[in-house]
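Report on the structure given below.
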Amino acid sequence: MVMDGVKKRVATLYRVSTKGQLDGDDIPMQRNACRSFIEKQGNWELVKEYIEKGVSGFKVSASKRDAIQRAKEDAEKGLFDVLLVFMFDRLGRRDDETPFIVEWFINNGIEVWSVKEGQQKLEDHADRLINYIRFWQSSGESRKTSIRVNEKHSQMVEDGIYRGGLVPYGYKTVNSGVFNKKGKELLKVVIDEEEAEIVKKMYDLVLEEGYGQSRIAQYLNEKGIPSKTGKKWTSGAVNNVLRNPMYKGYMVYARGTEKEVVSKEKLEELVIIDEEKWNKVQSIREKRNPENVKNRGEESIITTTKSSLLLVGLVRCGHCGSPLCTTYNKKKYVRKDGTEYVKREAKYRCSGKAQKKVDCDGQTLYSPKKIEGVVLDELYDYLDQLETIDLTSKIQEFKQHNTDKEVKTLKKLQSEFDKVNSALVKLRDEALKIIMGESSFDAKVVNDLINQKENELRELEESINKAKLDLESKKVELSEMEELQRYIPVWREVFEKASVEKKKMMLSTVIDKIVVFRDRVEITFKISLNRFLVNEGSHSNNDALPTELMPQTNMDELSMLYYIQMTGGLQSFFINRFRYRRGQCLRWSEWRNTVRQLTAFDR
């Protein structure tokens with residue numbers, strides 16, 4: 001309480017929310033207006049100034065605004081009597097917060113004044129209503145401004161227009177020949193051919209060699225290739241390149257946020273990576289995400305191709321289910337001249353047993369030659385069998401039963417999202433009418449309905465995102481099938497000439513998992529491929545043979561020869577891949593070797 005004849009101590013607060021305002025004359029204008037207003041009061045004197053530079057009163061909560069917090073602390077200490085601002089919206093533009101800030105100062109004995117709007121009092125209900133409505137209007141204006149800016153940017157992106165700023169690696173800007181209203185020539189984005197080749201290499205390193213973002217950054221730095229800023233590459237910079245849909249021709253705004261907008265039409269002139277390859281790279285990286293790896297249980301995933309061993313990431317211990325990882329053994333050897341040398345050899349090691357995480361009665365170490373030999377032998381036979389089958393109709397069937405179904409599901413979810421969102425907009429409009437006293441609806445009922453619709457929207461949004469991922473996954477799987485169909489005749493030749501990293505990536509498109517026991521190796525091929533073998537006159541690895549065609553468990557050599565002849569001869573025997581001995585599934589290579597010995601024939 002200020003005694004008569006004693007000057008009131010005044011604190012002023014100035015705020016600008018953008019860099020443009022900061023570089024201009026907004027704060028000096030606010031300061032001059034406030035000082036002039038103080039002089040006119042006669043018994044006021046300026047004792048403190050609080051300045052906020054580039055702080056949004058709408059986006060930033062008062063609890064995170066240093067100037068507001070300092071003003072409250074000083075008010076509690078009794079350092080001023082009046083808080084003066086140019087306009088009340090300098091205190092904030094949040095309808096759920098700013099009215100209560102004003103009320104806090106008033107309740108603590110501080111008068112709150114505005115140069116343009118006068119004093120804000122809270123002496124009756126009307127004062128409180130005016131206090132709330134003022135900031136509700138400010139909040140609404142901020143929302144409208146934000147919406148207008150976002151809409152403008154979104155519309156520009158949807159129309160494929162460059163919005164300014166640093167262009168992504170692989171692109172550059174050139175003069176467009178088009179001028180804006182101020183006579184300034186606009187820029188357009190075009191492909192930087194030299195950088196585009198590096199972008200293509202980065203995607204190839206993921207797709208063909210299984211590289212991660214850190215390994216790619218190391219590769220580029222070792223090659224002396226600078227980033228867009230001329231500095232060394234970081235894993236984060238590589239990650240931005242590998243995630244940006246602009247490389248497949250789609251501009252994007254607010255990437256990775258709820259407001260993300262992608263251009264409706266593909267801009268062919270901006271395509272560096274074809275869409276199929278871009279989607280495959282996203283699928284590979286998504287599967288390697290640590291959270292996804294953790295949630296996939298015993299599913300095999302190649303998370304890295306660094307190991308010199310071919311099957312790490314696909315192979316597990318059959319006794320405890322733990323992944324087989326890489327370890328190295330050192331052995332001494334003696335040359336003919338008597339000198340010794342040490343050879344470092346890579347081995348497969350059961351991680352569960354070695355680290356004593358689980359009880360495992362299997363081996364600790366496994367020989368790469370034995371495991372990899374068995375797997376490759378089985379793989380080549382599997383591909384030989386696929387080569388005898390027309391996969392075209394089966395691939396089309398897969399597309400109809402899977403990708404088309406996912407598209408329908410996604411459309412249905414998006415339709416539901418639009419309906420709920422429309423209902424939410426109407427409810428929020430009704431809430432505003434209740435505040436203005438223009439609605440007969442109960443405020444609590446409307447508020448509960450708003451919360452309900454907001455929850456429904458969040459759930460639908462999660463479902464839509466999941467459906468999008470599922471659809472992309474199905475598309476990638478379909479693409480892999482079509483690619484395998486094209487390359488089956490030369491798959492083995494390409495594989496044998498490839499680097500270890502590329503071999504691993506090729507194997508991951510065909511093999512689902514490999515399980516190793518003390519006495520055998522079990523290989524599960526991709527389900528999407530095995531299903532093609534059904535009803536095509538052939539049997540997949542897991543198909544049971546008709547009882548009347550089943551080899552007897554005690555079949556001797558002469559009976560086996562007779563059996564081969566009765567079931568269509570040696571060629572039919574090979575195609576059908578009969579793998580039975582003593583009632584158990586037998587590796588095809590063992591059958592082949594047995595038959596070769598019995599008949600002295602080769603394929």
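What follows is calculated from the coordinates using simple rules that are stated; it is not laboratory data. Please read all numbers here as calculations on a predicted model, not as lab measurements. Please note: Cβ atoms are built from the backbone with ideal geometry, for glycine as well, and neighbour counts cover all protein chains shown.
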With residue 451 itself left out, Lys, Arg at +1 and Asp, Glu at -1 over residues whose Cβ is under 12 Å from its Cβ give +1
Expected vector for the stretch 219-224, Karplus 3J(HN,Hα) from phi with 6.51, -1.76, 1.60 and θ = phi - 60°, integer Hz, x for Gly and Pro, equals 4, 5, 5, 5, 7, x
With Kirkwood's inverse mean 1/r over C-alpha pairs for Rh, give me the Rg to Rh ratio of the stretch 446-527, two decimals please.
1.29
Any lysines with Cα under 20 Å of the residue 182 Cα? List them, leaving off those in the same chain fewer than 8 positions away.
152
On the principal axes of its Cα set, how long, how wide and how thick is the stretch 330-446? Give whole Å, largest value first.
103, 46, 30
As an exercise, use a Förster radius of 45 Å and the Cβ-Cβ distance of residue 70 and residue 432 to find the FRET efficiency, rounded to the nearest 0.05.
0.85
When the chain is fully extended, how far beyond the present Cα-Cα distance does residue 104 get from residue 397, taking 0.36 nm per residue of separation?
98.7 nm
The stretch 383-431 - convex hull of alpha carbons, volume per residue in Å³:
58 Å³
What FRET efficiency, computed as 1/(1 + (r/R0)^6) with R0 = 51 Å and r the Cβ-Cβ distance, is obtained for residue 459 and residue 43, rounded to the nearest 0.05?
0.30
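Within the stretch 159-244, which trypsin sites (Lys or Arg not before Pro) sit in a loop by DSSP and count at most 12 neighbouring Cβ atoms inside 10 Å?
Within the stretch 159-244, the qualifying trypsin sites (Lys or Arg not before Pro) (loop, at most 12 other Cβ atoms within 10 Å) are 163, 181, 182, 184, 223, 231.
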Amide proton proximity set for residue 50, modelled H, under 5 Å, gap of 5+:
12, 13, 14
Separation between the residue 190 and residue 520 pseudo-spin-labels, each 7 Å from Cα along Cα→Cβ, expressed in nm?
6.4 nm
If the limit is 25 Å between Cα atoms, which of 306/497; 116/444; 232/306 go over it?
116/444
Can you give the FRET efficiency for residue 225 and residue 174, using 1/(1 + (r/R0)^6), R0 = 22 Å, r = Cβ-Cβ distance, to the nearest 0.05?
0.45
Long-range amide H contacts for residue 526: which residues qualify at under 5 Å (H placed 1.01 Å from N, peptide plane, sequence gap of 5 or more or a different chain)?
511, 512
